[in-house]
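Visitor: Can you keep this structure in mind? I'll have questions shortly.
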Amino acid sequence: MTSTSPLPYSAERPREVLRAIPGGKTGDDALGMLLDLFRRDLDPCDLRNRDVAYIKVVSRLLYAVGVRYFRAECEGVENLPTSGQFIAVGNHSGAPLMPDVAVLGAWWALEMGLDHPSYLMVHDFPFRIPVLRNFMAKIGAMPASRENAERVLRSGARLVCFPGGELDCLRSFRDRNRVNLYGRTGFVKLAYKYGVPIVPFVNIGGHEVYCTLFSSQRLARWTGLARFARVKTVPVNLGLPWGLWVTGFIPYLPLPSKLVYKVGEPIELEHAPELADDPDAVQRAYDRVTGVMQDMMDDLARRRRFPVIG
């Protein structure tokens, strides 16, 4: 039986839940934390940047948004390991605001706690913006790379990643319920090398906060964005407040789409570093993980009555 709960406890009692979230900084404290973002330039690849105080404050805000605006729910909470390392692998939607990741991060801080560090792999573009780079580093985000992922796992921390990256989060609306990690098998190789389980998760609704009419890799090359911003596709979007716009970099007003997350059972792979160099073994494990993720997505899609409404 898979448990279903509002994110993470009761949407009917948002004020009580919010009060239960650790943090509660005063206005002066919050202002000091904000000003601290401007005082120094952090190395985005340094694990020591993760700041529990920042995460607590940000989680309170994002949890409120998740419950009240996106009506977020999560299924399969019992499948999350309560101890030890793992690699959490999910689908990705709704760039550039990334509402699916933001709400997930707030829930993660509540459900999993902050004692065991977790780090999120993120596209490197936000880390090119000085103040935003500091903010991302403090909440435990790092530029997505094999080196950084290994740095996280060697430290004993948990790793959260969205292998599909910008191709996934900028996919067309018609593919919103399709899991496609675009053959990026790095997470499988890491699981083999470090002997940690893979925890698959998906969300539905995150790609209904606007409508991507189509997404073009050719347009990314023609506009130079593939070279300048290291994005491999450029979307044409329909949504608020701009109506119609191009690229995934323009902030927008997300529709209040109901977000539903589903966490699958951990997938245990052998602790066999030699299999990380075996293309057949890697592909079999990749197909297994993506198959489980697509099955979970199909289940959520069958039960979803209407886009946005849920």
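Visitor: Hey, any hits in the stretch 230-242 for a residue that's of a type in the set (Phe, Trp, Tyr) and over 21 Å from the mean Cα position of the chain (by Cα)?
Guide: So far as the stretch 230-242 goes, yes, one or more of its residues are of a type in the set (Phe, Trp, Tyr) and over 21 Å from the mean Cα position of the chain (by Cα).
Visitor: Here's something else I'd like to know. On the basis of being under 13 Å from Ser93 (Cβ atoms) and β-branched (Val, Ile, Thr), does Thr212 make the cut?
Guide: yes
Visitor: Could you list, in sequence order, the residues of the stretch 234-258 that are surrounded by 13 or more Cβ atoms within 10 Å (Cβ to Cβ), of a type in the set (A, V, I, L, M) and either without any contact (Cβ under 8 Å) to a residue 40 or more places away in the chain or out of contact with any strand residue (DSSP E or B) (no Cβ under 6 Å at 6 or more places or on another chain) (or both)?
Guide: Val236, Leu238, Val246, Leu255
Visitor: State the number of residues belonging to the stretch 44-53 that are exposed (fewer than 14 other Cβ atoms within 10 Å of the Cβ) and touching a residue at least 40 places away in the same chain (Cβ under 8 Å).
Guide: Residues in the stretch 44-53 being exposed (fewer than 14 other Cβ atoms within 10 Å of the Cβ) and touching a residue at least 40 places away in the same chain (Cβ under 8 Å): 1 in total.
Visitor: Being buried (at least 22 other Cβ atoms within 10 Å of the Cβ) and more than 21 Å from Asp51 (Cα to Cα) narrows it down to one of Glu166, Glu75, so name that one.
Guide: Exactly one of Glu166, Glu75 is buried (at least 22 other Cβ atoms within 10 Å of the Cβ) and more than 21 Å from Asp51 (Cα to Cα), namely Glu166.
Visitor: Ok, one more. Taking the residues in the stretch 278-294 that are without any contact (Cβ under 8 Å) to a residue 60 or more places away in the chain and either of a type in the set (A, V, I, L, M, F, W, C) or loosely packed, with under 15 Cβ neighbours inside 10 Å (or both) as candidates, determine which candidate is nearest to Arg178 (Cα to Cα).
Guide: The selected residue is Gly291.
Visitor: Something else: Let me confirm something: among Lys258, Lys193, which residue is of a type in the set (D, E, K, R) and within 29 Å of Gly66 (Cβ to Cβ)?
Guide: Lys258
Visitor: Scan the stretch 193-227 residue by residue and report those that are closer than 30 Å to Glu274 by Cα and charged (D, E, K, R).
Guide: Lys193
Visitor: Please go through the stretch 40-58 and pick out each residue that is modelled with pLDDT of 85 or more and over 24 Å from Leu110 (Cβ atoms).
Guide: Asp41, Leu42, Asp43, Pro44, Cys45, Asp46
Quick grid of which residues meet (1) in contact with a His (Cβ under 6 Å, 6 or more places away or on another chain); (2) surrounded by 24 or more Cβ atoms within 10 Å (Cβ to Cβ); (3) free of Cβ contacts under 8 Å to residues at least 12 places away in the same chain; (4) outside any loop (DSSP other than H, G, I, E, B):
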| site | (1), (2), (3), (4) |
| --- | --- |
| Leu190 | no, no, no, yes |
| Lys193 | no, no, no, yes |
| Val196 | no, no, no, no |
| Pro200 | no, yes, no, yes |
| His207 | no, yes, no, yes |
| Phe214 | no, no, no, yes |
| Arg221 | no, no, yes, yes |
| Arg227 | no, no, yes, yes |
| Lys232 | no, no, no, no |
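Visitor: Criterion first (within 24 Å of Leu255 (Cα to Cα), touching a Lys or Arg at 6+ places or on another chain (Cβ under 8 Å), surrounded by fewer than 24 Cβ atoms within 10 Å (Cβ to Cβ) and not polar (S, T, N, Q)) does His116 satisfy it?
Guide: No; evaluated as a whole, the condition is false for this residue.
Visitor: From the list Glu111, Glu147, which one is within 18 Å of Arg184 (Cβ to Cβ), surrounded by fewer than 19 Cβ atoms within 10 Å (Cβ to Cβ) and not β-branched (Val, Ile, Thr)?
Guide: Glu147
Visitor: Right, here's the next one. Checking the condition modelled with pLDDT under 90 and within 18 Å of the chain's Cα centre (by Cα), which residue from Leu37, Leu18, Leu61, Leu31 passes?
Guide: From the options Leu37, Leu18, Leu61, Leu31, the qualifying one is Leu61.
Visitor: So which residues in the stretch 77-87 are within 17 Å of the chain's Cα centre (by Cα) and at pLDDT 95 or above?
Guide: Phe86, Ile87
Visitor: Could I ask something else about it? Return a yes/no flag: does the stretch 284-300 have any residue that is among the β-branched types (Val, Ile, Thr) and over 30 Å from Cys211 (Cβ atoms).
Guide: No, the stretch 284-300 contains no residue that is among the β-branched types (Val, Ile, Thr) and over 30 Å from Cys211 (Cβ atoms).
Visitor: Additional query: Taking the conditions exactly as written (surrounded by fewer than 17 Cβ atoms within 10 Å (Cβ to Cβ), in contact with a Pro (Cβ under 9 Å, 6 or more places away or on another chain) and closer than 29 Å to Glu147 by Cα), does Glu268 satisfy them or not?
Guide: Yes, satisfied.
The values are calculated or read from the model by the stated rules, or taken from the named source; none is laboratory data. Source: prediction; values computed, not measured. Note that each Cβ is placed from the backbone with ideal geometry, even for glycine, and that neighbours are counted across all protein chains shown.
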